[in-house]
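Peer 1: Dumping the structure here so I can ask a few things about it.
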Amino acid sequence: MCGIAGAINGSKKLNIARCYESLARRGPDQRGVWSDETCTLIHTRLAVVDVENGLQPMKLRFGGEDYILVYNGELYNTPELRAELTALGHIFTERSDTEVLLHAYAEWSDKCVEHFNGIFAFAIWERKAKRLFIARDRIGVKPFFYSLRGGAFIFGSEIKALLALGVEPEIDGDGIAELILLAPGRTPGCGVFKHISELKPGYCGYVGGGEIQIRNYWSLTDREHRDTFSQTVEKVRALVLDAITRQLVSDVPICTFLSGGLDSSTISSVASLKLPELHTFTVDYVNNDKYFIPGKFQPNSDSDYVVKMNDYIGNGSTNHRILLNSTELADALYDAVDARDLPGMADVDSSLLLFCREIKKHATVALSGECADEIFAGYPWYRDPTIRAGEGFPWAQSTEYRSEFLRPDYNINAAEFVNSRYRETVNSADVLPGANSVERRMREMVRLNFNWFMQTLLDNKDAKVNSEGLYRLAVI
């Protein structure tokens, strides 16, 4: 959607042109930079709402302070926030959520994140206080990487932006272990490269005086379920409909992914009620019907369901079937790694990149059902008692095999490295007192999926979608 970057207390001249280039595909519509003697903020924009306005870095003078913002994301409760802030005396001059977010920070300071319903990563410089506020959304849809070294703080939407601003591309034993033993996942907060970290989902904080102080403003907590079955159905229905409807706001063309699965089918169905002549997009592979093998993850091919959904939606909708072959997938592997800055899921990555490249020819905004399986327990390790009871990451049981690729001089205990990450995650799961063993294990599974599998999918989608100048709204 957009790209943000910047630095405070930098000791050498920043290569802003190179940083622009590194983020160009995320934000092809506009570029902006703001700087003073301490801080530099950089932005590249993909315009979706209020195209003529919403320019960044955005400035606001309020209460004797000068605030400067760079922001990547979208606030789905913008109208409600604007009304609340207007009642408090704030004056708005445009329709963008960027202006609303900046006023929200001026009014509520770091508590503003508790008011937001949306996906975001942003930084706000307080010029007089000489401090930078940074924040990332609750789930981690929008990325935020940073490096703090020698008093200098450098941040960006992508690792390549940090490298463009002078962070050295070094890697040590821990980084090698992340790539060989855990990839395509990453330890939460780890940027793989030496001296590069990632702000964790649900975290915010301040940078100033050569130090960073961050706090966890939101985390998943276990609560007693008191609703009846019918109440639960209605509440889930209302939440899903609200999530989809709020993400249909755009001043540029919108389309949907349509794989034939429940998540993308639900989104396409709801979107078709609001958007006449909806365009849906489906990816398929040459000879997939011939070589498809059912498994626990995908017991049947989705193509039949795509046809059924097209017939069901009707209303002048058009489905675009993007057909890819093996040669195209192989040729796009390098581009896929460049987009993500790290090795990922091989042909899964390259197919998504090629898919998004085709979609961009027709639309700028694409809704997908990413992470529905994590939220609604769609994976075998939720349903299969044997898989669920197994120790370790249920989707990654190949540590012994992977360890064979580690050079002995790194002196890495592979089993200990992976197990420590696993144990740290399950131990962090919030579980109500008195929960039985099955309930406890399900809470652990949810935590594992939130912190690991879901983050991998969000990383992948963000990199591939944004590398093609496409804006994806994740319905989760």
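The values are calculated or read from the model by the stated rules, or taken from the named source; none is laboratory data. Note that this is a predicted model, so its numbers are computed, not measured. Here the Cβ positions follow ideal geometry from the backbone for every residue, glycine too, while neighbour counts run over all protein chains shown.
Peer 1: Go through segment 96-113 and count every residue that is free of Cβ contacts under 8 Å to residues at least 60 places away in the same chain and surrounded by fewer than 19 Cβ atoms within 10 Å (Cβ to Cβ).
Peer 2: Total meeting the criteria: 4.
Peer 1: Right, another one. Go through segment 369-389 and give me each residue that's assigned to a loop (DSSP other than H, G, I, E, B) and within 21 Å of residue 243 (Cβ to Cβ). Give the derivation first.
Peer 2: Within segment 369-389, the subset assigned to a loop (DSSP other than H, G, I, E, B) is 369-371, 376-379, 384.
Residues satisfying the conditions are 369, 370, 371, 376, 377, 378, 379.
Peer 1: Filter segment 52-108 down to residues that are of a type in the set (Val, Ile, Thr) and in a loop (DSSP other than H, G, I, E, B) and give me whichever is nearest to residue 2 (Cα to Cα).
Peer 2: Across segment 52-108, the extreme among qualifying residues is 93.
Peer 1: Residues being closer than 30 Å to residue 368 by Cβ, of a type outside the set (Ser, Thr, Tyr) and in contact (Cβ under 8 Å) with a residue 24 or more places away in the chain: count how many of those fall in segment 135-179.
Peer 2: Final tally of qualifying residues: 21.
Peer 1: Exactly one of (1) more than 24 Å from the chain's Cα centre (by Cα); (2) under 26 Å from residue 202 (Cβ atoms); (3) in contact (Cβ under 8 Å) with a residue 24 or more places away in the chain is unmet by residue 116. Its number?
Peer 2: (1)
Peer 1: Within segment 303-320, is even one residue out of contact with any Asp or Glu (no Cβ under 9 Å at 6 or more places or on another chain), modelled with pLDDT under 85 and of a type in the set (Gly, Ala, Ser)?
Peer 2: yes
Peer 1: Then there's this: Tell me which residues, restricted to segment 364-418, are of a type in the set (D, E, K, R) and touching a helix residue (DSSP H, G or I) at 6+ places or on another chain (Cβ under 6 Å).
Peer 2: 370, 374, 388, 402, listed by residue number.
Peer 1: I'd like to check which strands (runs of 3 or more DSSP E) are fully inside segment 118-215 and have at least 1 residues that are out of contact with any strand residue (DSSP E or B) (no Cβ under 7 Å at 6 or more places or on another chain).
Peer 2: So the answer is 145-149.
Peer 1: Considering only segment 216-233, state which residues are exposed (fewer than 12 other Cβ atoms within 10 Å of the Cβ) and either acidic (Asp, Glu) or in a loop (DSSP other than H, G, I, E, B) (or both).
Peer 2: Listed by number, the residues that qualify are 221, 223, 224, 225, 226, 227, 228.
Peer 1: Starting from segment 230-255, take each residue that is in contact (Cβ under 8 Å) with a residue 40 or more places away in the chain and list its partners that are in a helix (DSSP H, G or I), counting only C-beta distances under 6 angstrom and pairs at least six apart or across chains.
Peer 2: Listed by first residue and then by second, the contacts come to 244/267; 244/270; 248/274.
Peer 1: So in segment 76-92, with the set limited to residues that are touching a residue at least 12 places away in the same chain (Cβ under 8 Å) and hydroxyl-bearing (Ser, Thr, Tyr), which one is nearest to residue 64 (Cα to Cα)?
Peer 2: Among those that are touching a residue at least 12 places away in the same chain (Cβ under 8 Å) and hydroxyl-bearing (Ser, Thr, Tyr), it is 78.
Peer 1: With the requirement that a residue be under 14 Å from residue 178 (Cβ atoms) and assigned to a helix (DSSP H, G or I), what does segment 390-415 give you?
Peer 2: Correct list: 399, 402, 403, 410, 414.
Peer 1: What pairs come up if the first residue lies in segment 29-47 and is assigned by TED's automatic domain parsing to the domain that holds residue 121, the second is acidic (Asp, Glu), and their beta carbons are under 6 Å apart, counting only those six or more places apart or on different chains?
Peer 2: Matching pairs, first to second residue: 45/29; 46/29; 47/29.
Peer 1: Out of 91, 16, report the one residue that is at pLDDT below 95, over 20 Å from the mean Cα position of the chain (by Cα) and aliphatic (A, V, I, L, M).
Peer 2: 16
Peer 1: Can I ask one more? Conditions: (1) touching a residue at least 24 places away in the same chain (Cβ under 8 Å); (2) under 30 Å from residue 251 (Cβ atoms). Residue 361 meets all but one. Number of the miss?
Peer 2: (1)
Peer 1: Turning to a different aspect of this structure: Test residue 361 against the criterion of being basic (Lys, Arg), more than 27 Å from residue 193 (Cβ to Cβ) and part of a loop (DSSP other than H, G, I, E, B), and give yes or no.
Peer 2: Yes: the conditions hold for residue 361.
Results for (1) outside the structural domain of residue 249 (by TED's automatic domain parsing); (2) farther than 28 Å from residue 262 by Cβ; (3) aromatic (Phe, Trp, Tyr); (4) at pLDDT 90 or above, shown as yes or no for each residue.
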site: 418; (1), (2), (3), (4): no, yes, no, yes
site: 429; (1), (2), (3), (4): no, no, no, yes
site: 452; (1), (2), (3), (4): no, no, yes, yes
site: 459; (1), (2), (3), (4): no, no, no, no
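Peer 1: Looking at segment 157-204 only, could you name the residues that are at positive phi and either out of contact with any Ser or Thr (no Cβ under 8 Å at 6 or more places or on another chain) or surrounded by fewer than 18 Cβ atoms within 10 Å (Cβ to Cβ) (or both)?
Peer 2: Across segment 157-204, the qualifying residues are 166, 189, 192, 195.
Peer 1: Against the definition (farther than 22 Å from residue 267 by Cβ and under 24 Å from the mean Cα position of the chain (by Cα)), how does residue 334 come out, yes or no? Even if it seems obvious, please write down each step before you answer.
Peer 2: Details: farther than 22 Å from residue 267 by Cβ: yes; under 24 Å from the mean Cα position of the chain (by Cα): yes.
Considered against the rule, which asks whether it is farther than 22 Å from residue 267 by Cβ and under 24 Å from the mean Cα position of the chain (by Cα), residue 334 comes out as yes.
Peer 1: Does residue 431 count as assigned to a loop (DSSP other than H, G, I, E, B), β-branched (Val, Ile, Thr) and either within 27 Å of residue 138 (Cβ to Cβ) or in contact with a Leu (Cβ under 7 Å, 6 or more places away or on another chain) (or both)?
Peer 2: yes
Peer 1: On to the next question. Do you know which residues across segment 165-191 are at pLDDT 95 or above and small (Gly, Ala, Ser)?
Peer 2: Within segment 165-191, 175, 177, 189, 191 meet the criteria.
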